[in-house]
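K.L.:
One structure, as structure tokens, below. Some questions next.
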Amino acid sequence: MQEVQVGRFRIRALCESTFALDGGAMFGVVPRALWQKLTPVNDDHTIPLVCNAFLVEDGENVVLIEPGIGERWSDKYKTMYHIEHPDGGLAAVLKDAGRTPEEVTHVVMSHAHFDHIGAVCGVDGMPLFNNARHFLPEIEKNAVLNPDHFRRASYRCEDLKPVVDAGLLETFSGSCEVLPGLNIHELGGHSDGVSVVVIEDAGTTACFWSDVVPTRNHVALPFIMAYDMDAEESFRVRSEWIERATSGDWIGMMYHDPEHAFLKFSFDGSRYAWSPLTAASD
């Protein structure tokens, strides 16, 4: 279990699941000749990914950032997406971290795509975190409850509606302070309301990148997923926020990276690169 300390915040990466998506879709216009050098490729042209839920604790609050893909999947979709839960799923990895769903006080969801919020409800289809305040951009709530033709493949109403019906969801537009030092910033591009989560305390900053930078291999600015609804906006927000993270020496929290849950970015004058957190911190 990988972890870092950001001031008073202890941050641990919990591997909720492993899965796979089409490599071409994950790298958009980048030729396969380039991206296949960066990642293993399965026989069906998919690439291995993970869903890292991040447990953030400050001695008083227990925050979960991005629940994961969940376990409510038919055999058809488990096969299609190579979905597995090697550590037993979200409740199990929480237990391994010494926590129960009942102890979680806040659940932060960057956007409502199925691989990010599927685990917010348990196998029974009911909310898993009944004592927690749940945060999601308003525009993402609307997208998942009423998806249009272009978005419905990425959203499942049943992932969020039980949370809404239970009165557990709080929505926002723009930015939202979850706790002092823990803020959500809505950016857009990948989806209408995709957000990053910035955690800062005692002179140290970490950023949960969600699908703005899904893996270490997406730090190069043109490496934009074909899944992104607005590639031009994705390029704009990535350019701005990756530069901020680099100049500020932020810790990156990576949701889909199968090897590095935490890393840092650097810039050599012509392009951005990444380095493991241990090496970056020496």
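The values are calculated or read from the model by the stated rules, or taken from the named source; none is laboratory data. Model, not experiment: these values are computed from the prediction. When we count neighbours, we look across all protein chains shown, and the Cβ atoms used for this are built from the backbone with ideal geometry, even at glycine.
K.L.:
Residue by residue through segment 238-261, note down the ones that are assigned to a helix (DSSP H, G or I) and surrounded by fewer than 19 Cβ atoms within 10 Å (Cβ to Cβ).
P.N.:
S239, E240, E243, R244, T246, S247
K.L.:
Could you list, in sequence order, the residues of segment 100-151 that are at pLDDT below 95 and aromatic (F, W, Y)?
P.N.:
Passing the criteria: only F150.
K.L.:
Which residue, of A97, A91, is of a type in the set (G, A, S) and either in contact with a helix residue (DSSP H, G or I) (Cβ under 9 Å, 6 or more places away or on another chain) or buried (at least 24 other Cβ atoms within 10 Å of the Cβ) (or both)?
P.N.:
The unique qualifying residue is A91.
K.L.:
Taking strands (runs of 3 or more DSSP E) that fall entirely within segment 1-77, which contain at least 1 residues that are small (G, A, S) and either on the phi < 0 side of the Ramachandran plot or touching a Leu at 6+ places or on another chain (Cβ under 9 Å) (or both)?
P.N.:
Hits in segment 1-77: 9-22, 46-57.
K.L.:
Out of all the residues in segment 262-282, which are among the aliphatic types (A, V, I, L, M), at pLDDT below 95 and either surrounded by 12 or more Cβ atoms within 10 Å (Cβ to Cβ) or within 21 Å of I65 (Cβ to Cβ) (or both)?
P.N.:
Selection gives L277, A280.
K.L.:
Also, I was wondering about something else. Inspect segment 88-97 for any residue being assigned to a loop (DSSP other than H, G, I, E, B) and farther than 26 Å from G7 by Cα and give the result as yes or no.
P.N.:
Scanning segment 88-97 turns up at least one residue that is assigned to a loop (DSSP other than H, G, I, E, B) and farther than 26 Å from G7 by Cα.
K.L.:
Can I ask one more? Write out, first by first residue and then by second, each pair whose Cβ atoms fall under 8 Å of each other, whose residues are 6+ apart or on separate chains, and whose first residue, in segment 139-160, is without any contact (Cβ under 8 Å) to a residue 40 or more places away in the chain while the second is of a type outside the set (A, V, I, L, M) and part of a helix (DSSP H, G or I).
P.N.:
Taking only residues 6 or more apart or on different chains, the pairs are V144/C157; V144/D159; L145/C157; L145/K161; P147/C157.
K.L.:
Looking at (1) in contact (Cβ under 8 Å) with a residue 12 or more places away in the chain; (2) surrounded by fewer than 19 Cβ atoms within 10 Å (Cβ to Cβ); (3) out of contact with any Lys or Arg (no Cβ under 7 Å at 6 or more places or on another chain); (4) not aromatic (F, W, Y), which one does G193 not meet, given that it meets all the others?
P.N.:
Tallying (1) in contact (Cβ under 8 Å) with a residue 12 or more places away in the chain; (2) surrounded by fewer than 19 Cβ atoms within 10 Å (Cβ to Cβ); (3) out of contact with any Lys or Arg (no Cβ under 7 Å at 6 or more places or on another chain); (4) not aromatic (F, W, Y), G193 fails exactly one: (2).
K.L.:
A follow-up question, please. Could you please find all residues in segment 113-130 being surrounded by 19 or more Cβ atoms within 10 Å (Cβ to Cβ), free of Cβ contacts under 8 Å to residues at least 60 places away in the same chain and aliphatic (A, V, I, L, M)?
P.N.:
I117, V120
K.L.:
Moving to a separate point now. Out of the residues in segment 99-112 that are of a type in the set (S, T, N, Q) and in contact (Cβ under 8 Å) with a residue 40 or more places away in the chain, state the one that is farthest from R12 (Cα to Cα).
P.N.:
Once the filter is applied, the top-ranked residue is S110.
K.L.:
Looking at segment 198-221, I want the residues that are closer than 16 Å to S110 by Cα and have a partner that is among the polar types (S, T, N, Q) and in a loop (DSSP other than H, G, I, E, B) with Cβ atoms under 8 Å, at least 6 apart or on another chain. Which pairs are those?
P.N.:
Here the result reads F208/S110; S210/S110; D211/S110; D211/S191; T215/T39, each pair linking segment 198-221 to a residue that is among the polar types (S, T, N, Q) and in a loop (DSSP other than H, G, I, E, B).
K.L.:
Still on this model: Please go through segment 208-233 and give me each residue that is in contact with a His (Cβ under 9 Å, 6 or more places away or on another chain) and among the aliphatic types (A, V, I, L, M), ordered by number.
P.N.:
Within segment 208-233, V212, I224, M225, M229 meet the criteria.
K.L.:
A further question on this structure: Could you figure out which of (1) without any contact (Cβ under 8 Å) to a residue 24 or more places away in the chain; (2) among the β-branched types (V, I, T); (3) under 25 Å from G188 (Cα atoms) isn't true of V41?
P.N.:
Answer for V41: the failing condition is (3).
K.L.:
Now for a separate question. Tell me, which strands (runs of 3 or more DSSP E) lie completely within segment 108-183 with 1 or more residues that are touching a helix residue (DSSP H, G or I) at 6+ places or on another chain (Cβ under 8 Å) and under 17 Å from V63 (Cα atoms)?
P.N.:
Where strands (runs of 3 or more DSSP E) fall fully within segment 108-183 and carry at least 1 residues being touching a helix residue (DSSP H, G or I) at 6+ places or on another chain (Cβ under 8 Å) and under 17 Å from V63 (Cα atoms), they are 133-137, 169-172.
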